[in-house]
Structure formats: C-alpha cells, structure tokens
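This report concerns only the one structure given below.
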Amino acid sequence: MNARFVRLSAAALLLGGLVAASTGAFAHGDVTPQAVDTTGLEPLGAEWRESNPYRGNERAIEIGKSAFNQNCARCHGLGAVSGGIAPDLRFLEPGDSGDEWFKERVVNGAIRNGVTYMPKFDEALGQEALWTIRAWLETVAEQ
C-alpha cells in the first residue's frame, strides 16, 4: 500500500472522529443559561403571566435582544433566523396566541424520544427575562 495513501486515510479518520465528537458537544440541550439583568422592569412574581406584560416596552425589547443572543441564538439563529436546527422564531404567532406557545416551550422545554431538543429555561432565567425575549421576538416577526 502506498505510504501517502495510508497517511491520508489516517488523517481522514482522525478528522472524521473530531467532527463526530464535536457534533455531540454542540447538541441541543447542552446550553448553560446566561444570567439576564432585568433591572428597570416591573417584577412579575412567581406565578407565570398568561400573556406578555412587556409587549411594546422599549427597555424590555432591548434586554430581550441581548438575552436572546446569549441564550437562544445558538440553536434558533442570530436575529432569530433559524438555520433549520430549531424553529425559526420570527414566525411565532403574534399576540397572546404566540405567548401561549412560547410560555409552554420555555417552561417545559422539548423532549422527544428521550432526547432534549430544548431545555427548560423558566427556573434558569425567570419569567421576566423570558418575556423580554418574547417582546424582542415580536419586533423581528415575519408573517
């Protein structure tokens, strides 16, 4: 066998192994939530609101954009433009109907066949931070 072919084959196997290993490292659900500073916003308490109390609040939207980039963009894409891995959140239903789906997903996460597609974020971030994200998402919504 040609020595060059053996070296190239070994390099290809090594590269393939590295790619396979890195895929697991970046899988859905492997996210460390980043704290969100909601200073200046009305505290919402422990019980989840049914609809977004920060809708249209400029301060909340500003916080939500940063919070999305730190906690959501890894799976849902920068600017909420999904690359196909996770839902494109620009197409969430507007208003209270979209709030219902958003709340359900961030509180309960998404697990299918034992695989975490989205972790629960309610305890890690709290409803204030999560509603700011929803407020920002409505500013980039597409119908």
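The values are calculated or read from the model by the stated rules, or taken from the named source; none is laboratory data. A quick note: this is a predicted structure, and the numbers were derived from the prediction, not measured. When we count neighbours, we look across all protein chains shown, and the Cβ atoms used for this are built from the backbone with ideal geometry, even at glycine. The area values use the complete protein model at the heavy-atom level, side chains included, leaving out ligands, DNA and RNA. Shrake-Rupley method; radii C 1.70, N 1.55, O 1.52, S 1.80 Å.
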When the stretch 71-94 is examined, which residues are found to be part of a helix (DSSP H, G or I) and open to solvent by 70 Å² or more (accessible area, probe 1.4 Å)? 74, 78, 91
Mind listing whichever residues of the stretch 100-123 are open to solvent by 60 Å² or more (accessible area, probe 1.4 Å) and part of a helix (DSSP H, G or I)? 100, 101, 104, 105, 108, 123
Give all pairs with beta carbons closer than 7 Å in which a residue from the stretch 107-132 that is aromatic (Phe, Trp, Tyr) meets a residue that is crowded, with 19+ Cβ neighbours inside 10 Å and not in a helix (DSSP H, G or I); count only pairs at least 6 apart in sequence or on separate chains. 131/52; 131/54
Here are 66, 97: which of them is exposed (fewer than 13 other Cβ atoms within 10 Å of the Cβ), part of a helix (DSSP H, G or I), of a type in the set (S, T, N, Q) and out of contact with any His (no Cβ under 7 Å at 6 or more places or on another chain)? 97
Pick out the one residue from 134, 105 that is in contact with a strand residue (DSSP E or B) (Cβ under 8 Å, 6 or more places away or on another chain) and under 14 Å from residue 76 (Cβ atoms). 105
